[in-house]
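**Q** Below are the structure tokens for one structure; questions will follow.
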Amino acid sequence: MLDPRSATVPDLTGQVALVTGAGRGQGRSHCLALAGCGADVAALDVCADLDVPAYPLATRAELDDVVAAVEGTGRRALPLVADVRDAAAVQASVAAVEDAFGRLDVLVNNAAVVTSAPFWELSEEQWTAVVDTNLSGVWRTTAAAAGLLRRSPRGRIVNIASTGGVRAVPEFAHYVAAKHGVVGLTRAMAIELADARVTVNAILPGAVDSPMLAGLADELGLTREDVHKRWLHDQLLIEVITPDEITGALLWLLSDAARHVTGHCLAVDGGALAR
Ligand SMILES: NC(=O)c1ccc[n+]([C@@H]2O[C@H](COP(=O)([O-])OP(=O)(O)OC[C@H]3O[C@@H](n4cnc5c(N)ncnc54)[C@H](O)[C@@H]3O)[C@@H](O)[C@H]2O)c1
């Protein structure tokens with residue numbers, strides 16, 4: 001029988017987690033919580049500014065800071081500088097995880113970028129960067145890690161999608177298309193990994209207070225008030241969600257209580273999808 005006091009908090013002692021987009025924001029929060037639950041953590045980030053998006057991405061110093069914080073909990077940490085759009089770099093990163101730890105139990109596909117424009121104004125570069133990072137990056141990373149995850153006694157994959165994964169919002173067609181793809185991919189992978197008892201789920205965050213939201217606001221010349229009007233107006237609970245509140249949902253999906261939950265999309269969105 002599940003112990004109600006411990007069943008909703010995963011005990012990841014002796015396990016290994018890989019988090020993409022780990023340098024800051026939600027990814028950083030996930031890494032620290034996974035370490036707090038006992039896991040060794042491989043923290044992957046591109047650590048470079050790209051042509052798309054216009055806002056800065058995480059730096060190497062930020063990734064090193066995550067690594068130091070994980071090590072501060074007494075767990076081991078492996079920094080991986082890689083671009084999820086680059087198949088060879090992703091495969092080399094997974095090989096480095098196997099070399100360092102010999103196993104992989106938890107994969108959190110979190111890396112993503114965003115831009116905003118009416119769909120007819122999107123450039124090829126914007127379309128390709130968003131779809132290749134946010135959707136193909138999830139497939140690429142999970143495909144590279146599937147062999148290791150299948151060998152785990154308790155494999156868990158969590159894809160960070162968006163409410164934009166199940167409904168459309170204006171001026172984010174490429175992001176919406178990519179996140180709908182992540183939801184479909186989550187269900188398809190859940191079917192194909194069920195025989196190895198690997199669960200695959202998605203989290204659909206609402207508006208999260210992270211550098212992505214701030215970067216997008218800067219890019220569009222919006223104030224914080226504008227951001228609230230534009231992205232929070234349809235949440236029932238009109239408050240920006242904090243990264244650790246997304247981490248809370250992640251931990252539940254990794255817990256014993258969620259062991260029969262797979263192919264599921266869990267919205268942490270202040271009720272936006274209720275409308
Ligand atoms: N912030 C929001 O309001 C919000 C809402 C819904 C969903 N999400 C999703 O949450 C997840 C985390 O986003 P966040 O809010 O923490 O944003 P963020 O920009 O702070 O973090 C994203 C991380 O991904 C990294 N990254 C970007 N491109 C990469 C690449 N090609 N390869 C490797 N790493 C790369 C960045 O360097 C950064 O560290 C994303 O999947 C995002 O789409 C965010």
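Bear in mind that the values in this text are calculations on the coordinates, not laboratory data. Quantities reported herein were computed from a predicted structural model and do not represent experimental measurements. Don't worry about glycine lacking a Cβ; one is built from the backbone with ideal geometry, like all the others, and counts go over all protein chains shown.
**Q** Of the residues GLY21, GLY38, GLY14, which single one is touching an Asp or Glu at 6+ places or on another chain (Cβ under 7 Å) and either more than 29 Å from LEU122 (Cα to Cα) or among the basic types (Lys, Arg) (or both)?
**A** It is GLY38.
**Q** Quickly run through region 191-211 and pick out the residues that are more than 30 Å from ARG154 (Cβ to Cβ) and within 7 Å of the ligand (Cβ to nearest atom).
**A** Step one: of region 191-211, the residues more than 30 Å from ARG154 (Cβ to Cβ) are 207, 209, 211.
Answer for region 191-211, where residues must be more than 30 Å from ARG154 (Cβ to Cβ) and within 7 Å of the ligand (Cβ to nearest atom): ALA207, PRO211.
**Q** Filter region 12-55 down to the residues that are more than 16 Å from the ligand (Cβ to nearest atom) and touching a Gly at 6+ places or on another chain (Cβ under 6 Å), then identify the one that is nearest to ASN109 (Cα to Cα). Break it down into steps so the answer makes sense when it comes.
**A** Filtering region 12-55 for residues more than 16 Å from the ligand (Cβ to nearest atom) gives 12-16, 35-40.
Filter once more, so that each one left must be touching a Gly at 6+ places or on another chain (Cβ under 6 Å): 12-13.
Working: LEU12: 18, THR13: 21 Å.
The residue in question is LEU12.
**Q** Taking the residues in region 70-91 that are under 19 Å from the mean Cα position of the chain (by Cα) and assigned to a helix (DSSP H, G or I) as candidates, determine which candidate is nearest to ALA22 (Cα to Cα). I'd like the intermediate steps shown before the answer.
**A** Let us first name the residues in region 70-91 that are under 19 Å from the mean Cα position of the chain (by Cα), namely 70, 77-87, 89-91.
Subsequent filtering for residues that are assigned to a helix (DSSP H, G or I) retains 70, 87, 89-91.
On the way: VAL70: 11, ALA87: 18, ALA89: 16, VAL90: 14, GLN91: 17 Å.
This residue is VAL70.
**Q** Moving to a separate point now. If the requirement is being surrounded by 23 or more Cβ atoms within 10 Å (Cβ to Cβ), closer than 28 Å to TRP231 by Cα and of a type outside the set (A, V, I, L, M), which of these qualifies: THR128, THR115? Can you show your working first?
**A** Values: THR128 fails: surrounded by 23 or more Cβ atoms within 10 Å (Cβ to Cβ).
Matching residue, one of THR128, THR115: THR115.
**Q** Cβ-Cβ distance below 6 Å, separation of 6 or more or different chains: which pairs start in region 110-122 with a residue that is over 24 Å from HIS30 (Cα atoms) and end on one that is among the hydrophobic types (A, V, I, L, M, F, W, C) and not in a loop (DSSP other than H, G, I, E, B)?
**A** PHE119/ALA173
**Q** Among the residues of region 210-233, is any touching a Leu at 6+ places or on another chain (Cβ under 9 Å) and of a type in the set (Ser, Thr, Tyr)?
**A** No, region 210-233 contains no residue that is touching a Leu at 6+ places or on another chain (Cβ under 9 Å) and of a type in the set (Ser, Thr, Tyr).
**Q** Still on this structure, please answer the following. State which residue is farthest from SER116 (Cα to Cα) when the search covers only region 59-72 and only residues that are buried (at least 24 other Cβ atoms within 10 Å of the Cβ) and within 14 Å of the ligand (Cβ to nearest atom).
**A** Filtering region 59-72 for residues buried (at least 24 other Cβ atoms within 10 Å of the Cβ) gives 63, 66, 70.
From what's left, within 14 Å of the ligand (Cβ to nearest atom): 63, 66.
Values: LEU63: 26, VAL66: 29 Å.
If we take residues in region 59-72 being buried (at least 24 other Cβ atoms within 10 Å of the Cβ) and within 14 Å of the ligand (Cβ to nearest atom), then VAL66 is farthest from SER116 (Cα to Cα).
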